[in-house]
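One structure is given here, and the rest of the page talks about it.
Please treat every number below as a calculation from the coordinates, not as lab data. Source: prediction; values computed, not measured. A quick note on method: Cβ atoms are made from the backbone with ideal geometry, for glycine too, and the neighbour counts reach across all protein chains shown.
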């Protein structure tokens with residue numbers, strides 16, 4: 001097995017440090033978690049290849065919804081905070097003043113306010129699966145949307161169907177076969193085109209020998225079919241298509257600058273947005289990204305005044321890139337965190353955990369852009385018109401061509417399960 005390690009530590013107030021380990025098995029050679037050959041069989045059997053993709057951006061720590069997407073300028077000073085709203089290019093929609101670039105793209109995204117269904121835990125689980133990280137523990141935990149997409153739709157163009165960058169998410173009870181590929185350290189990116197082709201060929205030949213030994217007792221012809229898919233898997237690994245997508249040196253400098261600028265502070269993290277765009281262009285179906293640190297119990301406004309402009313730049317660049325390439329309707333971009341922040345500002349100029357209500361940003365996907373769905377009360381403390389996190393995920397599934405109202409997957413106990421409890425997508429968006 002090939003293993004690549006990078007640092008993605010992200011300390012929160014609970015003093016937990018999370019580190020993702022980047023793994024890529026033997027990519028379809030039967031030795032690792034991800035089996036290209038199996039997925040090729042699925043595509044051949046169905047005769048279908050989806051061209052849709054999801055970029056699921058997790059703002060770890062709990063972003064302050066009322067200082068980003070749901071400002072309350074008329075609230076009392078102890079609630080409204082330091083930032084002012086600005087108009088967007090859609091009448092009636094306002095966002096934070098630190099989002100000047102995104103303010104000119106409101107006709108290409110949707111704001112979801114009054115978001116409910118989160119839990120008070122520092123985990124990406126709700127944004128990636130729709131459930132608490134403690135759900136389904138006895139059978140392996142909830143599967144992320146990327147893993148479900150991997151199982152139901154497989155590979156598209158010979159690259160891994162699900163990639164994560166600096167966010168913890170996994171296959172849950174679907175098992176290791178559907179774990180994501182995780183290239184977390186941009187400076188030590190996996191370079192498949194530098195791999196030893198002879199080594200890969202030897203592994204493939206070993207499997208061929210094993211299959212030959214079994215062929216005499218196989219009357220179904222399944223091994224012959226397996227050989228063709230295994231060969232395709234090897235060819236994909238040796239082609240270096242995945243490595244090319246991950247290698248930002250292959251991007252024009254002016255394009256890189258559009259995302260990262262001078263690379264100061266959080267601007268460095270915007271390389272993740274650029275990699276996500278390149279991965280989707282290469283055929284990856286789902287990319288999950290962790291961006292920034294949002295656990296602002298103290299100095300909320302000074303921290304966000306540095307962080308929000310960087311998010312504005314990277315997110316706007318990605319949306320514009322997809323739009324200019326004619327791909328925006330095929331790529332759904334979700335930006336959200338594990339919960340919101342308290343309406344009242346605390347004594348440290350910060351905001352604490354607030355799972356009762358939050359907000360989300362969704363762009364692309366052919367949605368009914370340029371609108372706000374849901375609402376919160378006058379201090380952004382409770383939902384007036386609530387939208388559940390599972391409804392957002394049902395909408396993401398819908399955009400991938402997966403009907404969460406009918407689709408089921410089988411758990412390790414042999415029990416069929418729906419993907420979500422609340423399975424209807426948001427009607428106003430589709």
What shape does region 59-131 have by the C-alpha gyration tensor, where a ≥ b ≥ c are the square roots of the eigenvalues, rounded means a/c under 1.5, and otherwise prolate means a/b greater than b/c and oblate the rest? oblate
Using only C-alpha positions, report the orientation-averaged shadow area of the convex hull of region 300-358, nm², one decimal. 5.1
Give the calculated FRET efficiency between residue 137 and residue 87 to the nearest 0.05, with a Förster radius of 60 Å applied to their Cβ-Cβ distance. 0.80
Computed FRET efficiency, Cβ-Cβ of residue 325 and residue 430, R0 25 Å: what is it to the nearest 0.05? 0.65
Could you work out the mean projected area of the convex hull around the alpha carbons of region 261-376, in square nanometres to one decimal? 8.2
Compute the distance from the alpha-carbon center of region 69-128 to that of region 327-349, in whole Å. 7
Where does each of 345-351, 94-100, 123-129, 329-335 land if you order them by average Cβ count within 10 Å, highest first? 123-129, 329-335, 94-100, 345-351
Would you kindly state how much longer the chain becomes between residue 346 and residue 408 on full extension, computed as 0.36 nm times their sequence separation minus their alpha carbon distance, in nm to one decimal? 17.9 nm
